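Take a look at the structure set out below.
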Amino acid sequence: MSLDSNQDFLELETALRGITLGGLRFYPELGSTNDEALSWGTDHAPDFSLVLAEKQTAGRGRDGRKWFSAEGSSLTFSLVLRPNSEERPLLGRFAGLGALALVRALRSWNVEARIKWPNDVLIGGRKAAGILIESSWEGEQLHCLALGMGINVREGSVPPDAQALFPATCLERAAGLKLSRFELLHAVLNQVQELRPVLTHEAFLQAWQSALAYRGEMVRIWQGQQVSFEAEVLGLAADGALRVRKPGCAEEDIHFGEVHLRPLG
Ligand code: BTN
């Protein structure tokens with residue numbers, strides 16, 4: 001670890017005072033924090049252990065896409081989570097846990113963010129953060145989840161529109177926020193800790209649903225790259241699936257997978 005990264009580590013420890021982590025690993029450079037969280041989780045990392053990297057060389061998003069992040073301007077981390085027996089039937093809610101924690105954290109800076117189901121956080125209609133939930137299993141036995149989050153904080157973190165699947169932004173540009181990345185991390189972790197005990201409750205689902213983008217609006221839903229249809233976003237099902245209605249049809253639930261939403265118009 002270089003002198004600078006030692007200083008960063010001290011700054012991080014100070015910023016995270018009051019948050020009870022299972023463990024903490026901080027890397028100036030790492031392939032992917034999700035890979036590290038999954039392997040540490042398989043190797044008995046306690047629940048709520050944190051892996052943070054200043055720079056990822058192989059950061060990934062959903063469907064194996066590359067996650068663009070720039071040193072010093074993004075906040076990229078993963079939490080090792082060990083779902084208990086009540087949470088295990090509702091693993092689909094963990095993407096909501098991450099997204100809602102960020103939305104609520106941003107409210108303390110008066111920033112209004114929305115969740116583009118299943119895993120994006122939008123500010124002013126542009127993507128400012130993405131969540132990636134991955135799991136490690138042995139047969140039927142779940143070892144752990146990695147809740148990975150990449151937040152575009154400063155300008156350098158925003159991918160050019162030509163490289164982004166969805167128009168992107170950062171907190172600095174969209175909300176004029178000039179905040180310390182570790183202060184933001186503290187606020188997000190604090191929210192994860194507050195929300196986790198109610199993850200299985202109806203109130204969690206309601207809070208997640210009320211932060212959804214496009215609710216009551218028509219969107220185009222892509223399933224894979226070829227198949228798409230238009231539907232109205234109604235809300236969420238108990239397992240975290242998106243409840244929609246195609247014109248003239250009954251309600252249906254869209255499950256996680258290779259699914260993307262686009263607003264119409
Ligand atoms: C997406 O938008 O598809 C999800 C992006 C998730 C990126 C984060 S950055 C920290 C963690 N490590 C990774 O490799 N990916 C997630």
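The values are calculated or read from the model by the stated rules, or taken from the named source; none is laboratory data. The structure presented is a predicted model; accordingly, all values stated were derived computationally and were not measured. Cβ atoms come from the backbone with ideal geometry, glycine included; neighbour counts cover every protein chain shown.
Listing for the model above:
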{"item": "Counted residues, region 21-34 - those being without any contact (Cβ under 8 Å) to a residue 40 or more places away in the chain, within 11 Å of the ligand (Cβ to nearest atom) and either among the basic types (Lys, Arg) or surrounded by 18 or more Cβ atoms within 10 Å (Cβ to Cβ) (or both)", "result": "1"}
{"item": "Subset of region 77-91 [near the ligand (Cβ under 9 Å from one of its atoms) and over 18 Å from residue 118 (Cβ atoms)]", "result": "77"}
{"item": "All positions within region 236-254 that are of a type in the set (A, V, I, L, M), farther than 12 Å from residue 212 by Cβ and out of contact with any helix residue (DSSP H, G or I) (no Cβ under 9 Å at 6 or more places or on another chain)", "result": "241, 250, 254"}
{"item": "Among (1) within 29 Å of residue 222 (Cβ to Cβ); (2) under 13 Å from the mean Cα position of the chain (by Cα) - the single one residue 185 does not satisfy", "result": "(1)"}
{"item": "Top-ranked residue in region 230-253 [being in a strand (DSSP E or B) and among the basic types (Lys, Arg); ranked as surrounded by the most Cβ atoms within 10 Å (Cβ to Cβ)]", "result": "243"}
{"item": "Count - residues of region 91-126 that are under 27 Å from residue 25 (Cβ atoms) and in a strand (DSSP E or B)", "result": "2"}
{"item": "Test set (1) over 9 Å from the mean Cα position of the chain (by Cα); (2) touching a residue at least 40 places away in the same chain (Cβ under 8 Å); (3) within 18 Å of residue 185 (Cβ to Cβ) - residue 145 fails condition number", "result": "(3)"}
{"item": "Checking residue 223 against (1) farther than 22 Å from residue 202 by Cα; (2) in contact (Cβ under 8 Å) with a residue 60 or more places away in the chain, the condition it does not meet", "result": "(2)"}
{"item": "Hits in region 56-76 (condition: more than 8 Å from the ligand (Cβ to nearest atom) and over 15 Å from residue 159 (Cβ atoms))", "result": "57, 64, 72, 75"}
{"item": "Residue within region 116-139 that is in contact with a Ser or Thr (Cβ under 6 Å, 6 or more places away or on another chain), farther than 30 Å from residue 42 by Cα and more than 15 Å from the ligand (Cβ to nearest atom) present", "result": "no"}
{"item": "Qualifying residue in region 194-207 (condition: among the small types (Gly, Ala, Ser) and in contact with a strand residue (DSSP E or B) (Cβ under 6 Å, 6 or more places away or on another chain))", "result": "no"}
{"item": "Qualifying position, being out of contact with any strand residue (DSSP E or B) (no Cβ under 9 Å at 6 or more places or on another chain) and of a type in the set (A, V, I, L, M), among 21, 38, 10", "result": "10"}
{"item": "Single match in 162, 175, 207 (criterion: buried (at least 16 other Cβ atoms within 10 Å of the Cβ), away from the ligand (no atom under 16 Å from the Cβ), at pLDDT below 95 and not charged (D, E, K, R))", "result": "175"}
